[in-house]
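Please read the structure below before turning to the comments.
FYI, it's all coordinate maths here, none of it is from the lab. Just so you know, these numbers come straight off a predicted model, no measurement behind them. Ideal geometry is used to build each Cβ from the backbone, glycine not excepted, and the neighbour counts take in all protein chains shown.
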Amino acid sequence: MGHQPLLTTDRLILRPFQLSDAPKVQRLAGHEQVANGTINIPHPYTDGMAGQWIGKHLAGWQSGQSAIYAITLKMNYQLVGCVGLHNIANQRAQLGYWLGVPFWGNGYCTEAAKRVTEFGFKRLHLEVIYGQHFRRDPTPGKILKNIGMEHVMTKSDATRAHMITEDLEYYELKALVEA
């Protein structure tokens, strides 16, 4: 697929992760509040996990199965979180994201998710991008709604995370069909 392009917004640069990001990823993603709101982030987030996670991104991009980005601030290039498209297949992909707790409430995640979604439709030619979040925590759903996703269904007992069976809220956004 070639090199993964940089994506920009007014306030953000979305770039591929680098192994040098591992300590920062471990600190930010390893926060209990971040892990508690996600399906795939463990807590505790032990040494070596971030490096392994970052190492998978290049292969995912090259195989066309994912497009994962570090969310960095344009003003100082500080890494604040992650946004990406996962499980790319059959012109569909899942949107996923997390943001370090110190950066919550600034609209960064919505801004990054909107940009990655645009990239998915325009450059990856996706037809559907979907997102999910735990039913018990409506906050991630606000981001999905803010970027135009529509709630499709509640999946009861859909996943097991952190030793608990969880219900998931499922959202979709479809590409605009040009006439």
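Between Lys145 and Glu127, the simple label model (points 7 Å from Cα in the Cβ direction) yields a spacing of 2.9 nm. Among the listed pairs Lys74/Lys145; Lys56/Lys145; Lys122/Lys155, those whose Cα-Cα separation exceeds 27 Å are Lys56/Lys145; Lys122/Lys155. Shown is the FRET efficiency for Leu73 and Thr46, computed with R0 = 30 Å from the Cβ-Cβ distance and rounded to the nearest 0.05: 0.65.
Once R0 is set to 35 Å, what does the formula 1/(1 + (r/R0)^6) return for the Cβ-Cβ distance between Leu6 and Ala89, expressed as a FRET efficiency to the nearest 0.05? Please report the intermediate quantities before stating the final value.
Values: r = 25 Å, r/R0 = 0.70.
Efficiency at R0 = 35 Å is approximately 0.90.
Among complete DSSP H helices in the chain, those whose alpha-carbon atoms stretch at least 18 Å along the helix's long axis and whose mean Kyte-Doolittle hydropathy reaches -1.0 are 49-62, 108-122.
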